[in-house]
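The values are calculated or read from the model by the stated rules, or taken from the named source; none is laboratory data. Only a predicted model underlies this, so the values are computations on that prediction, with no experimental measurement involved. Using ideal geometry, Cβ is built from the backbone for each residue, glycine included, and neighbour counts are taken over all protein chains shown.
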Ligand SMILES: Nc1ncnc2c1ncn2[C@@H]1O[C@H](COP(=O)(O)OP(=O)(O)O)[C@@H](O)[C@H]1O
Ligand SMILES: [Mg+2]
C-alpha cells in the first residue's frame, strides 16, 4: 500500500487535527470578485468534499489554497504555518499537492518524465524510483506506458497519471479538482476506488466533484459553494439528506 | 564548387540555428523575444578580445567568453526582465528593445565605436582539399562546434531534471510550479543556456570576420528572429530548421544571383520567408505549447 507522509501537527492522537484552515479568503479576477470570503477546514486523515454548480468558485478556491492565485483577503494556514501569499512551489514543498482540473499532464513528456517531475523537488533519484515503484502498484495501467508520451493516452489514463504525479511528492494534503470530469463511467469508478484507497492509507483529501452523489459517499464532511460563498457545511450524511443538496445537486424532488 | 557552398551554408545556418535556439528557449518559457540577445554576442566578442589582450591563452579566452555571456544573460533576466514578470508580451518585447539599445550605447561609448581586429589562430584560417575542392577549416570547425552544441543541448534537455522541467515549463509553467519546482531556477537556467548559445555563436561569427564591433550583434539577432519565426516561434526543432534554412537560402542566393542584384539579397530572403509563412503561418515545426488561463 502507498505510504503517506505524516502531518506535522501535535496534539492528542485520535482527534482529527486541523491540517488546513482557510478563513475568509477572497479572490478577484481583475475587477470581478469570484469568491467572497470562503472558510474551509480539512483535518488529518479526513476527506472533505467541496461541491457546487459550474462557475460557483470551486477551482478558484483550490487554486488560491495552493498559491496559484493570489488572495485579496483572508488567511490560509497549513500544518500550523501561515502560508497566505506563498508561491505555489513553496506550498508544494510544504506538503500540499493539487491535481488540477483538466488533468494538465505534460503531453509532450513521457509518463515516466511526468512522474519524475512530480517528485523532483521532494526526493532524490533513488527515493523517486522507490516511490514510482509503489505508485505503479496502485496504477498498474501506467506501467506499460512509461515511455509513451502522456498526451497520447486516454483521458482516464491521463487522470491516473495526474494523480500519480501529485502523489510523487508524498503530500500530506491532496487537493483534487474534478478528477472524474469527462471520463467514461468505468473510469469514474476506478478514480473513486483510488480515492478510497488513498483515504484508507491515511491521506487527507479536499475533493471537488460534480458527481455529488459519489463525492458525498466517500467524504467525511462537505461544503456547498454557491455563487462564490459557502452556502452549507456539515457532515457528508447531513448534506446528503439536506433539502438543498437533494434538490439542487442530487436531482431529488 | 557545390560542396563548398554546402559547407558554407551549413556553417552559416548552424550559427543562425544556435542563436535562434537561444531566442526560442527563452521564448518558450517566459514568452519573451529577447532582442538584447545580439548584445550578448557583443559581450562574448569583447570578452574574448580583452582576454587575449591580457595574454590569456586562446582556449581559456573562449571558455571565459562563453561563461561571461551566460552570466550576463542571467544578470539581464534578474535586472531587467524579472521585475516585469507577468507583464504582457508587448511590454516584455519593449523592455528587451530598451535593454538592447542601452547596451549598444554603453558599448559604443565605453569601448570603441570602431571595429577592433580579433585574429583567430593561424590554423583556423587555412583550407584543406577534398578531391580537387578547397574547403575552409573555419567553416568546418564551425559546423562541428554547432553540432556538438546542439547535441549537448539535446542531452541536457532530455537527461537532466532541470532540462525536463524546462520542457514541461514550455508546455504549462504553472503546473511545473505546482510540482514544487521553483520558477526562478527554471527561468535562470533558460537564460544561462541562451547565453551559452549566444557566446558560442558569437565566437563562430567573429571567427569568420576577424573583428569585433559594438553593433556586431544587431544583424545576427534579426536573422535569428527570422529563423525562429520561420521554424515556429518557441519550437526548438523549429529554430534549428529555421536557422539552417535561412543559411541555405542566403548562401544559395549569393551563389545564383547575378552580381548586380546581390546587394538586394536580403529582400529576396525576406520574400522567401513571407512565402513560407503564407503556407505555414505557425512556422515549419509549430511549437506544441498549451497556454491556459
Ligand atoms: N481566469 C479567469 N478570469 C476571469 N474569470 C474567471 C477566471 N476563472 C474563473 N473565472 C470566473 O470565476 C467564477 C468561478 O469560476 P471557477 O472557480 O472556475 O468555478 P468552478 O470551478 O466552481 O466551476 C466563474 O464565474 C468564472 O467565470
Ligand atoms: Mg472548476
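Yes or no, residue by residue, for (1) in contact with a strand residue (DSSP E or B) (Cβ under 6 Å, 6 or more places away or on another chain); (2) over 21 Å from residue B:170 (Cα atoms):
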site: A:90; (1), (2): no, no
site: A:120; (1), (2): no, no
site: A:123; (1), (2): no, yes
site: A:178; (1), (2): yes, yes
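Residue count for region A:67-84 under the criterion of being surrounded by 18 or more Cβ atoms within 10 Å (Cβ to Cβ) and within 13 Å of ligand 1 (Cβ to nearest atom): the result is 2. Scanning region A:1-29 for residues that are modelled with pLDDT of 95 or more and on the phi > 0 side of the Ramachandran plot turns up just one, A:24. The single residue among B:91, B:146 that is away from chain A (no Cβ under 14 Å), part of a helix (DSSP H, G or I) and within 24 Å of residue B:21 (Cβ to Cβ) turns out to be B:146.
If you scan region A:20-31, which residues turn out to be within 16 Å of ligand 2 (Cβ to nearest atom) and surrounded by fewer than 21 Cβ atoms within 10 Å (Cβ to Cβ)? Once the filter is applied, which keeps residues that are within 16 Å of ligand 2 (Cβ to nearest atom) and surrounded by fewer than 21 Cβ atoms within 10 Å (Cβ to Cβ), region A:20-31 yields only A:29. Considering region A:93-132, and only residues there that are surrounded by fewer than 17 Cβ atoms within 10 Å (Cβ to Cβ) and free of Cβ contacts under 8 Å to residues at least 12 places away in the same chain, the residue that is farthest from the other protein chains (Cβ to nearest Cβ) turns out to be A:130. Within region A:33-47, the set of residues being assigned to a strand (DSSP E or B) and more than 16 Å from ligand 2 (Cβ to nearest atom) comprises A:33, A:36, A:37, A:39, A:41, A:42, A:43, A:47. Entry remark, region A:56-78: residues being within 16 Å of ligand 2 (Cβ to nearest atom) and either assigned to a strand (DSSP E or B) or away from chain B (no Cβ under 14 Å) (or both) number 4 in total. The numbered conditions (1) surrounded by fewer than 19 Cβ atoms within 10 Å (Cβ to Cβ); (2) at pLDDT below 95; (3) in contact with a helix residue (DSSP H, G or I) (Cβ under 7 Å, 6 or more places away or on another chain) are all true for residue B:129 except (3). Check region B:74-86 and report whether any residue there is farther than 18 Å from residue B:190 by Cα and away from chain A (no Cβ under 14 Å). No, region B:74-86 contains no residue that is farther than 18 Å from residue B:190 by Cα and away from chain A (no Cβ under 14 Å).
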